[in-house]
Amino acid sequence: MREEHLNSGVQYFQMREIFPCVWQDGKHLFTKNLVPGDRTYSKNIFKFKGFELREWNPHRSKPAAAILKGLKQFPLQKGMKVLYLGIASGQTATFFSDIVGKSGIIYGIEISDRSIRDTLPLAEKRGNIAPILADARKPEEYEWIEDVDLIFEDVASDDQTPIMIRNSERFLRKNGFAMMAIKARSIDVVKSPDEIYRKEIEKLKKHFEILDKVKLDPYEKDHLFLVMKKI
Ligand SMILES: C[S@@+](CC[C@H](N)C(=O)[O-])C[C@H]1O[C@@H](n2cnc3c(N)ncnc32)[C@H](O)[C@@H]1O
């Protein structure tokens with residue numbers, strides 16, 4: 001069925017919803033825009049079945065890359081409470097915001113005050129992003145937040161595994177989900193990425209069941225994306 005594409009001029013014929021609120025046509029991924037007309041972090045928006053889709057760039061967002069690399073489990077859903085470690089300027093968070101919708105919330109932790117400043121207009125516009133200037137190594141700095149359904153971590157540091165474990169012990173509800181991209185080169189510049197992934201997974205397995213994993217190459221070199229469930 002031919003759909004009207006206001007901006008792209010491209011026709012998508014195989015569009016289907018592959019996860020709740022995530023749509024795919026070939027190599028193109030989309031979410032349903034929570035703020036119709038807003039083009040922040042996505043130039044390609046268009047009308048589809050009475051709502052608006054915005055394109056999610058896999059070169060700029062690791063979860064999008066993971067989905068296009070064949071991820072089978074993507075637990076993020078409408079209404080979820082999310083703790084996002086390393087929200088940066090909020091690019092990926094805007095797509096998470098589309099998915100969790102108005103009934104969900106994203107607590108976004110970021111250590112750089114320059115980056116967090118960029119998230120403030122997004123937070124105002126979207127109403128479901130709460131940017132927090134803090135160090136993800138120190139959960140006590142934001143201990144006032146409520147327990148969450150999912151933690152996403154994208155801090156690219158050598159201690160990313162202990163950071164995830166510490167935050168999940170403090171804030172992740174029983175049977176809650178966790179997603180992270182292990183960046184091999186942040187952990188060790190010499191060892192083979194596969195060796196690094198194996199060691200990090202060993203540590204994570206004491207706290208999580210590993211539900212799914214995919215390598216992000218060629219979108220992100222030497223990254224492994226993990227989807228986990230708290231045990
Ligand atoms: C790869 S970028 C995140 C990109 C972002 N997730 C996105 O997709 O839009 C990593 C971010 O983590 C932040 N970061 C690094 N260490 C941190 C820490 N200990 N606590 C909080 N944020 C940290 C960096 O300042 C940077 O903005």
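The values are calculated or read from the model by the stated rules, or taken from the named source; none is laboratory data. Since the structure is predicted, the reported quantities are computational estimates derived from the model, not experimental observations. Here the Cβ is made from the backbone with ideal geometry for all residues, glycine too, and neighbour counts use every protein chain on show.
Points to keep in mind about this one:
- Candidate set from the range 20-39 (those that are free of Cβ contacts under 8 Å to residues at least 60 places away in the same chain and closer than 25 Å to V214 by Cα); member that is nearest to the ligand (Cβ to nearest atom): L29
- The residues of the range 39-50 that are closer than 14 Å to F95 by Cα, in contact with an Asp or Glu (Cβ under 9 Å, 6 or more places away or on another chain) and crowded, with 16+ Cβ neighbours inside 10 Å, listed by number, are S42, N44, I45.
- Taking first residues from the range 154-176 that are among the basic types (K, R) and partners that are within 11 Å of the ligand (Cβ to nearest atom) and not in a helix (DSSP H, G or I), the Cβ contacts under 8 Å between residues at least 6 apart in sequence or on separate chains come to R166/R137.
- Identity of the residue in the range 111-127, more than 10 Å from the ligand (Cβ to nearest atom) and buried (at least 20 other Cβ atoms within 10 Å of the Cβ), that ends up nearest to I87 (Cα to Cα): L122
- Qualifying residue in the range 148-157 (condition: more than 19 Å from P20 (Cα to Cα), at pLDDT below 95, within 14 Å of the ligand (Cβ to nearest atom) and over 15 Å from the mean Cα position of the chain (by Cα)): yes
- Every residue from the range 40-69 that is in contact (Cβ under 8 Å) with a residue 24 or more places away in the chain, more than 14 Å from the ligand (Cβ to nearest atom) and in a loop (DSSP other than H, G, I, E, B): K43, N44, K49, K69
- Counting residues in the range 158-180 that are part of a loop (DSSP other than H, G, I, E, B) and either surrounded by fewer than 16 Cβ atoms within 10 Å (Cβ to Cβ) or away from the ligand (no atom under 16 Å from the Cβ) (or both) gives one or more.
- Yes/no for A184 being free of Cβ contacts under 8 Å to residues at least 60 places away in the same chain, surrounded by 17 or more Cβ atoms within 10 Å (Cβ to Cβ), under 25 Å from G70 (Cβ atoms) and over 16 Å from the mean Cα position of the chain (by Cα): yes
- From the list K125, K72, K102, the lone residue that is part of a loop (DSSP other than H, G, I, E, B), touching an Asp or Glu at 6+ places or on another chain (Cβ under 8 Å) and in contact (Cβ under 8 Å) with a residue 24 or more places away in the chain is K72.
- Subset of the range 88-110 that is over 16 Å from W56 (Cβ atoms) and of a type in the set (A, V, I, L, M) - its residue that is farthest from the ligand (Cβ to nearest atom): I105
- Condition broken by Y84, with the remaining ones in (1) at negative phi; (2) away from the ligand (no atom under 11 Å from the Cβ); (3) in contact (Cβ under 8 Å) with a residue 60 or more places away in the chain satisfied: (2)
- Flag for R185 being at pLDDT below 95, in a helix (DSSP H, G or I) and farther than 30 Å from N33 by Cβ: yes
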